[in-house]
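Below is one structure; the comments refer to it alone.
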């Protein structure tokens, strides 16, 4: 059994695809499409997907069990070529809520009034 997850960037900006548990990043330009799967095709894989602005994070679980993380995964491009971590990264920063925003209120609002 070899389940796979197709991912396509249908947007107008680069998209960062994170593959967990190691945080491997693959950058998809608009129009790029890839497929995520386990390296071992003998296991039943289920995917957990989290979306944020310009970011897709994917976890692979054996039999859907969150305690059985699949650590050996692969990302294949539309031509069937395996991609490596950092694909099309260039000098980009990782987007989304994982980066500090630098915005913190000076004081809490006074709600006693």
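The values are calculated or read from the model by the stated rules, or taken from the named source; none is laboratory data. Just so it is clear, the structure is predicted and the values come from calculations on it, not from any experiment. We place every Cβ from the backbone using ideal geometry, glycine too, and count neighbours over all the protein chains shown.
A count restricted to the range 4-53 and to residues that are in contact with a strand residue (DSSP E or B) (Cβ under 6 Å, 6 or more places away or on another chain) and over 17 Å from residue 79 (Cα atoms) stands at 18. Quick check: is even one residue across the range 66-87 exposed (fewer than 13 other Cβ atoms within 10 Å of the Cβ) and either touching a helix residue (DSSP H, G or I) at 6+ places or on another chain (Cβ under 9 Å) or within 13 Å of residue 8 (Cα to Cα) (or both)? The answer is yes; a qualifying residue exists. Residue check: residue 28 meets all listed conditions (1) under 19 Å from residue 90 (Cβ atoms); (2) exposed (fewer than 14 other Cβ atoms within 10 Å of the Cβ); (3) at pLDDT 95 or above but one, namely (2).
Restricting attention to strands (runs of 3 or more DSSP E) lying wholly within the range 1-71, give those where 2 or more residues are without any contact (Cβ under 8 Å) to a residue 40 or more places away in the chain. Show your work before the answer.
On the way: elements: 4-8, 15-19, 24-28, 33-38, 45-52, 55-62.
Once the strands (runs of 3 or more DSSP E) in the range 1-71 are filtered for at least 2 residues that are without any contact (Cβ under 8 Å) to a residue 40 or more places away in the chain, what remains is 4-8, 33-38, 45-52, 55-62.
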